[in-house]
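No lab work stands behind these numbers, since they all come straight from the coordinates. Values in this document were obtained by computation on a predicted structure and should not be read as measured data. Virtual Cβ from ideal backbone geometry, glycine too; neighbours counted across all protein chains shown.
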Amino acid sequence: MAFVTLKDVYKRYHVGEVTINAADGMTFDIEKGELAVIVGPSGSGKTTVLNMLGGMDSCDEGIISVDGARVDGYNRKQLTLYRRYDIGFIFQFYNLLPNLTAKENVEIAAQTKRDYIPAEEILRKVGLGERMNNFPAQLSGGEQQRVSIARALSKKPKLLLCDEPTGALDYNTGKMILKLLQDTCRSDGMTVILVTHNTAITPMADRVIKIKNSKASEIILNDSPTPVENIEW
Amino acid sequence: MKAVNKNTFREISKSKSRFLSILLICAIGVGFFSGVRATCDIMKTSADDYFDEHNLFDLRVLSTFGLTENDVRAISEVEGVDGVYPSKYTDLALHRGDEEYLTRIFSSTPDEINKIDIYEGRAPESDGECIVSYNKLHEGIKVGDRITLEDLTEADEFPLKGTEYTVVGLYSTPMYISKTQRGSTNIGDGAIDAFMIVPEEQFTGEIYTEIYVRSDKLKNAFSYSEEYKELRDDISDKLETLGIDRSEIRYDEVIGDALREIEDGESELEKAKVDGQKELDDAKKELDDAAKQIADGEKELSDAKKQLDDGAVQLADGEKELADAKKEIDDGKAALAETEKTLVDAKKQLDDSKAQLDAGRAELDSQKAALEEGKAQLNTARSQYEQGLAQYEENVKQVEQMEQAYGSAAVAEMKAQLEQVKAQLDAALAQITQNEQTIAAGEAQLSAAQAEIDAAMSQYNAGLAEYEDGYSQYLDGLKKIEDGEREYNEGVQTLAQKRQEYNDGVKSYEDGLAELSDAKKKYEDGLVEYNDGVAEYNSEIADAEKELSDAREEISDAGKAEWYIFTRDDNVGYSEYESNSERINRIAAIFPVFFLLVAGLVCLTTMSRMVEEQRTQIGTLKALGYSNGAIMRHYMVYAVSGAAIGGVIGAIGGCFLFPSVIVYAYSMMYEITKIHYLFTPENMIVSIGSMTLAIALTVFFSCRKALEETPASLMRPKAPKAGKRVLIERIPFLWNHMSFFAKVSGRNIFRYKRRMFMTVVGIAGCTALSLTGLGLKNSISDIVDLQYDEIYKYSGYLAYDEDIKPSELESIYDTLLEYEPDTKYTRALIKQYETEFSGNKVTCYITCVEDTELFESFVDMHERTSGKKLSLSDGAIITEKAAKLLGLSEGDSLNIKINDGKSGTLTVSGITEQYTSHYLYMSESVYKQLFGENPKFNMVYFDNGISRDETVQDAFSEHVIANDNVLALIMNASSLSSVHETLQIMDLVTVVLIVSAAALAFVVLYNLTNVNITERIREIATLKVLGFYDMEVSSYIFRENIILSIMGGAVGLALGYALCMFVITTAEIDEVMFGRSIHAPSYLWAFLITLAFSLIVNFIMTGVLKKISMVESLKSVE
């Protein structure tokens, strides 16, 4: 069994009398240590998949398994623990706590786990050794996103989930962030799942999962991913 | 409907909870504001209704000389007067069993004036029936009870026809709306305990005590209004003017008559004096004569008595003499008889002796002859013998011669023969001698016999002579006896005569004696009569003199006849009720403002948040070309409609709720129970209007900033507030020791300063209200604890009649000592007087103490704040609340209204801590100076250290009351429980305050937490995504709440202290001073109550937090 498996996953939202299928028999696998990119147009259901994988949402039907554990059957409490110990999440708008410094934003996550990378170490690693005592408002978007990545990594998660991490960033900064993610995957053997609507960045992935109409329409395995530096869009 | 307006209404239905929270806080704010504001007017209006319904008098006329029908007629002619009702009253002591109540007894008046409410039973109909005022504090009297009345004054005439009445009903009167205070009187301890009504015919006097005046104009005016006061004063002035004339007429009537009567009386008295004295003198003379006569008679009688006694002795002697004589005679007779017998015997003996003598003589003669013969014979023999002897002697001589001669032999023969002869001779001699002897004997015998016979003869002769003597004596005796007998008989006869005479004497003596004692008795009776007469004369004269001088004094004392016009204000309770209602108004000035402020702040937060949330919408509308005004109108309509609806609900609810609670609370003290609800436009407009205006202002301020921005910037999400270092971070020592979450919370609190401020204000308000509620309770329990534990150290006091005899007073002491030998006690005089200082008037109990030193151990007198001990030896001491009401301070001169318009002044030397009633303590010397007379003690304060346990108290009371000299017993333990009852009102206030506190805390915290959550929903979602447990997420938010609650609580405790003191000073009733300190546990409780409310809100909000969806909240802004 693959490290991450989705099999016939359904997720339906009821808005009034209309039912929207956000996941309509979604099926794909991702292996450990891979950098997977889930790509699709707006509203295709890619964020729903990520949310379900991250334990922020539950599926109505189907199997979701991560590292051999059946996440689909988790109750509220188990989901919390799952998010706490197994998942690192990176958002488009960083979602840093504005009232905490960079270091504190990392610490608040790190301290939920016994086994964690100290905040200062991880911040230095993402290149923010000098700015760790700044508040988010004092940091640029890229820096904020790096804090966000540091926060996710400090927990040593099994799975790093990124939701449009470059969506709010300029081109260069976005590239830097993608580089950081790719490096993390390569050097630390971290399994990274990245959701984006930007198909241009798919070459950097080990595995590309294309989503259309709430289904995984195509899964492409890339044996030789392109380093981010070489990708242009 | 315009789309913009549609949007507004949809907005409301979409965000119900927000709309509701605005509505609710406004409802509470307006409810408080309007309700408390209306209460004063509602209380007054309810009272006015009550007074109108019961036709309470508007004016009351009293005169020093009483009032007559003429006065009634004169008053009814005064302009503006529509009803005149004369009435009588008198103050008496009412007894029911052992209890005594000072009671004012009124004559019944028609329902058109001072209409009474009969709670139970019926009106009095026949003689001996009465109704008694219904009074919570004296619930003792029941329908069907028999009561007796006693006049405590020295009046000659009992003011009522009967002294015993049966209670047939219980009533309340509009004249005295206070249930606790009954006004004062000149009798007993001065405080009226109860009222009573009997039919007017029950009064013996003709003169009316007072006249009630009623005016239709005044009835239509509002009782406590200025208009009423002006109209009333108009009529009052007219009555005063009338009073001057009427008084003069009345004076002439009463005093003129009285003076004439006195003068008549005086001349009559003079005449009576002279007549009486003369009569007495005559009687005295008569009595003296009688006394002399009696003395003479007595002397005479005693002489007679002496004579009689002598006579009796003589009689007894005579009798004895006679008896002796008789005995002598008898003895003589017996002796004579014996003598006779002896004489006869002697005669016979004599005769016998004679015969014997004769015989003896004859024999003697014969014997003599014989003897002569023998003698002759003998003589012969003798001569023979001598011859023979002479022969013989010759023979012998011969024989001797012969013998000499011849030899013996030859003579032998002759000798023998001689011998023989000799023998013969001897024999013959012997014979002769013998014969001679015999003859001598015979001769002696004969001479003896001769002598004997001679003796016998002489004896005989003597006997004979004796006999003859005896015989003659006998004859003499016989004669004597006969004389004696005759004499004796004569004596007997004389004695009998004498006895008769004596007996007659005794009888006449006894008669005399009886006569004398009769005379004496008559004299004594006469004397007693005389003395009585003198005493009667003296006392009658003295009485008459006293009566006359009293009458004269009375006339001079009576001074001028004067009318007194009283208004309702002079009645106990009437104006007190007014000041109580105004007190509520003063509270109304602070509480509602507070609630208004909080409501405004809450709305400000809510609306700011709303505007912030709807930046995009505002931007869009702006982009579409809507004016700022049009956009603001959306929010205005939203908030103002909420405020208006809430305001209307609050105003209506508040105007029902608060007056109800407060009037209910006061109904424990006043008769007024029916509430006249008022929804005055003014109150509605002011309360709802001010709230709406405040909300409109908050909306304006919330929108203004957003509306100034460009549509483009509005449509961009507003960057969350940047984090900032807080002050505490600059103190590394503290900061480094804080937990990570504590740091976060600390920073968060200061990030949202406005919210922090508002939360603190709201929570502080909650704590302050709770503390006020609890503090009020403390201050009341303080009354009990401080008054009855710290100040009153004695056990109780008892009342007795001031004219008690020393022995009866002693018996009271004995009763106390019997129960507990260690009882300490001292006498005191307690009486109510009106005191005045700088225009303020307070009715005080003037308490004059006999043993000041002991009393100071009974009542701990000290200044409250400094704790300085006060001593009665330094001067008079007044209680704190009285001093405060009077505005009096130490060393000031206090005016005391002594009866009859006189007043005295004394310097107050100290102000002592005291919580119930007003006292003015003083020593005997101070009293003497003030009143110019010695105090007549009427109370005994005592301390016997008995427990407050009810059974112990009951047993003690029973023991003491058994002593008839004890009129009443007031134990501190029982006063204490009645204080508890009176002050239960405050319990209700406490509950109201705590409920308000809860409402406030809830609304504020709920609202602010809600805002907090929506504002920070992304943070919360992020934390959730990071895998924080629900608990951790909640505590992340609520830690701030709790910290703010603690801060608010701390502020609230300070605020609460101030508020509580304000409420205590404005709310406390005049006779009572509440405690001035809040106890430590109350601070703790107020704090805990606040925290509890805060935790409840947190608990409710935990659910909201749980429901927050990560996916929704973190959705990127499109």
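Measure up A:LYS46/A:LYS125; A:LYS155/B:LYS743; A:LYS103/A:LYS179; B:LYS560/B:LYS881; B:LYS347/B:LYS479 against 31 Å on the Cα-Cα distance and list the ones that go over.
On the way: A:LYS46/A:LYS125 29 Å; A:LYS155/B:LYS743 21 Å; A:LYS103/A:LYS179 22 Å; B:LYS560/B:LYS881 37 Å; B:LYS347/B:LYS479 21 Å.
Among A:LYS46/A:LYS125; A:LYS155/B:LYS743; A:LYS103/A:LYS179; B:LYS560/B:LYS881; B:LYS347/B:LYS479, the Cα-Cα distance tops 31 Å for B:LYS560/B:LYS881.
In µm²/s, what is D for region B:605-666 at 25 °C and 0.890 mPa s, where D = kT/(6 pi eta Rh) by Stokes-Einstein and Rh is the Kirkwood radius from Cα pairs? Mind dumping the intermediate values first?
Details: Rh = 14.2 Å.
Answer from the Stokes-Einstein relation: 172 µm²/s.
Order these by the 10 Å Cβ neighbour count, fewest first: B:ASP117, B:ASP111. Don't jump to the answer; show the numbers that get you there.
Values: B:ASP117 14, B:ASP111 11.
Going from least to most buried by this count: B:ASP111, B:ASP117.
Roughly what % of Cα-Cα distances in the protein assembly as shown sit above 49 Å, to the whole percent?
Details: 587733 of 911925 pairs.
Across the protein assembly as shown, Cα pairs with separations above 49 Å total 64 percent.
Treat each spin label as a single point 7 Å out from the Cα along the C-beta direction, and report the B:LEU513 to B:LYS115 distance in nm.
Simple spin-label model gives 8.9 nm for this pair.
Which length gain, in nm to one decimal place, applies between B:ALA409 and B:LYS521 when the Cα-Cα distance is subtracted from 0.36 nm times their residue separation? Could the numbers behind the result be given before it?
Details: separation 112, 0.36 × 112 = 40.32 nm, distance 14.89 nm.
Separation in residues times 0.36 nm, less the Cα-Cα distance, equals 25.4 nm.
Compute the length gained on full extension between B:LYS341 and B:VAL1104: take 0.36 nm times their separation in residues and subtract their Cα-Cα distance, giving the result in nm to one decimal.
Values: separation 763, 0.36 × 763 = 274.68 nm, distance 17.30 nm.
Gain in length upon complete extension: 257.4 nm.
Which Rg and Dmax, in Å, describe the Cα atoms of region B:454-520?
For region B:454-520, the Cα-based Rg and Dmax read 27.9, 92 Å.
If each residue of separation counts as 0.36 nm, what is the full-extension length gain between B:LYS560 and B:ASP310 once their alpha-carbon separation is subtracted? It would help to have the intermediate numbers written out before the result.
Working: separation 250, 0.36 × 250 = 90.00 nm, distance 8.48 nm.
This chain segment gains 81.5 nm when fully extended.
Have a look at chain A and give its Rg and Dmax from the Cα atoms, expressed in angstrom.
My reading of the Cα-based Rg and Dmax gives 17.1, 54 Å.
What ³J(HN,Hα) values, in whole Hz, does the Karplus curve 6.51 cos²θ - 1.76 cosθ + 1.60 give for region B:161-173 when θ = phi - 60°, with x put for Gly and Pro?
These are the phi-based 3J(HN,Hα) values: 6, x, 10, 10, 9, 9, 6, 10, x, 10, 9, 10, 10 Hz.
Write down, largest first, the equivalent ellipsoid semi-axes of region B:1042-1118 in whole Å, where each equals the square root of 5 times an eigenvalue of the alpha-carbon gyration tensor.
On the way: eigenvalues 370, 30, 23 Å².
Each semi-axis is the square root of five times an eigenvalue, giving 43, 12, 11 Å.
Given a Förster distance of 45 Å, report the FRET efficiency between B:ALA440 and B:MET402 from their Cβ-Cβ distance, rounded to the nearest 0.05. Write out the running numbers ahead of the final one.
Details: r = 40 Å, r/R0 = 0.88.
So the FRET efficiency works out to roughly 0.70.
Suppose only helical runs count, i.e. DSSP H with n ≥ 4. What mean residue ellipticity at 222 nm does that imply for the protein assembly as shown under -39500 (n - 2.57) per run, divided by all residues and rounded to the nearest 500 deg cm²/dmol? Don't skip to the end; give the middle numbers.
Values: 32 runs with 792 residues, N = 1351.
My calculation for the protein assembly as shown gives -21000 deg cm²/dmol from helical runs alone.
Looking at chain A, identify the longest residue range that excludes and avoids all GluC sites (Glu not before Pro) in DSSP loops having at most 12 other Cβ atoms within 10 Å. The partial results should precede the final answer.
Numbers: sites that count: A:GLU17, A:GLU130, A:GLU232.
Counting at most 12 other Cβ atoms within 10 Å as exposed, the longest clean stretch of chain A is A:18-129.
With only alpha-carbon pairs counted, each pair once and no self-pairs, how large is the Kirkwood hydrodynamic radius of region B:302-428 in angstroms? Working shown, then result.
Values: mean 1/r = 0.0423 Å⁻¹.
23.7 Å is the Kirkwood radius here.
Loop only per DSSP, at most 16 neighbouring Cβ atoms within 10 Å: give me the trypsin sites (Lys or Arg not before Pro) in region B:791-871, ordered by residue number.
Details: sites: B:LYS793, B:LYS824, B:ARG827, B:LYS831, B:LYS841, B:ARG864, B:LYS868, B:LYS869; in loops: B:LYS793, B:ARG864, B:LYS868.
Listed in order of number, the matching sites are B:LYS793, B:LYS868.
Enter the Cα centre distance for the pair region B:70-149 and region B:1025-1088, rounded to the nearest angstrom.
The two parts, judged by their Cα centres, are 52 Å apart.
P(r) tail for region B:199-266, what percent of Cα pairs lie past 17 Å? Display every interim value, and only then the final one.
Numbers: 1460 of 2278 pairs.
The share of Cα pairs beyond 17 Å in region B:199-266 comes to 64 percent.
Starting from the Cα of B:LEU20, step 7 Å along the direction of its Cβ; do the same at B:THR620; then give the gap between the two resulting points in nm.
Placing both labels 7 Å beyond Cα along the Cβ direction yields 2.6 nm.
Per the Debye formula with a single identical scatterer at each Cα and no solvent contribution, what log10 I(q)/I(0) holds for region A:111-233 at q = 0.13, 0.15, 0.16, 0.23 Å⁻¹?
The calculated log intensity ratios at q = 0.13, 0.15, 0.16, 0.23 Å⁻¹ are -0.56, -0.73, -0.82, -1.45.
Computed over the Cα atoms, what is the radius of gyration of region B:786-971 divided by 2.2 N^0.38 Å, N being its residue count? The partial results should precede the final answer.
Working: Rg = 16.8 Å, N = 186, 2.2 N^0.38 = 16.0 Å.
Ratio of Cα Rg to 2.2 N^0.38 Å: 1.05.
Which values, in whole Å and largest first, are the semi-axes of the equivalent ellipsoid of region B:439-565 obtained as the square root of 5 times each eigenvalue of the Cα gyration tensor?
Values: eigenvalues 2553, 95, 7 Å².
Semi-axes from the Cα gyration tensor: 113, 22, 6 Å.
Using a basic spin-label model with each label point 7 Å from the Cα along Cα→Cβ, how many nm lie between B:ASP264 and B:ILE12?
Result for the modelled spin labels: 9.1 nm.
HN-Hα J couplings of region B:701-713 from phi, Karplus 6.51/-1.76/1.60, θ = phi - 60°, integer Hz, Gly and Pro as x?
5, 5, 7, 3, 5, 5, 5, 6, 6, 7, x, 5, 5
Taking a spot 7 Å from the Cα of B:GLU709 along the direction of its beta carbon, which residues of region B:607-634 have an amide N less than 11 Å from it?
B:611-620
DSSP loop (so not H, G, I, E, B), at most 13 other Cβ within 10 Å: list which GluC sites (Glu not before Pro) in region B:37-136 pass both filters. Numbers along the way, then the final one.
Details: sites: B:GLU53, B:GLU69, B:GLU77, B:GLU79, B:GLU99, B:GLU100, B:GLU112, B:GLU120, B:GLU125, B:GLU129; in loops: B:GLU77, B:GLU79, B:GLU112, B:GLU125.
Listed in order of number, the matching sites are B:GLU77, B:GLU79, B:GLU112, B:GLU125.
Based on the Cα gyration tensor of chain B, what are the three equivalent ellipsoid semi-axes, each the root of five times an eigenvalue, rounded to whole Å and given largest first? Don't jump to the answer; show the numbers that get you there.
Values: eigenvalues 4265, 541, 95 Å².
They are 146, 52, 22 Å, listed largest first.
What does the charge dipole of chain A about its Cα centre add up to, to the nearest 20 debye, if the Cβ of each Lys and Arg holds +1 and the Cβ of each Asp and Glu holds -1?
Values: 28 positive and 29 negative charges, 106 e Å.
With only Lys, Arg, Asp and Glu charged at Cβ, the dipole is about 500 debye.
Hand me the trypsin sites (Lys or Arg not before Pro) from region B:1-69 located in a DSSP loop with no more than 12 other Cβ atoms within 10 Å, in residue order please.
Working: sites: B:LYS2, B:LYS6, B:ARG10, B:LYS14, B:LYS16, B:ARG18, B:ARG37, B:LYS44, B:ARG60; in loops: B:LYS2.
Taking region B:1-69 and a limit of 12 other Cβ atoms within 10 Å, the loop trypsin sites (Lys or Arg not before Pro) found are B:LYS2.
To the nearest whole percent, what portion of all C-alpha pairs in region B:800-898 is separated by more than 19 angstrom?
Values: 2656 of 4851 pairs.
That tail contains 55 percent of the Cα-Cα pairs.
How do B:THR767, B:THR606 line up, fewest other C-beta atoms within 10 Å first? Don't jump to the answer; show the numbers that get you there.
Working: B:THR767 31, B:THR606 26.
The most exposed by this proxy come first: B:THR606, B:THR767.
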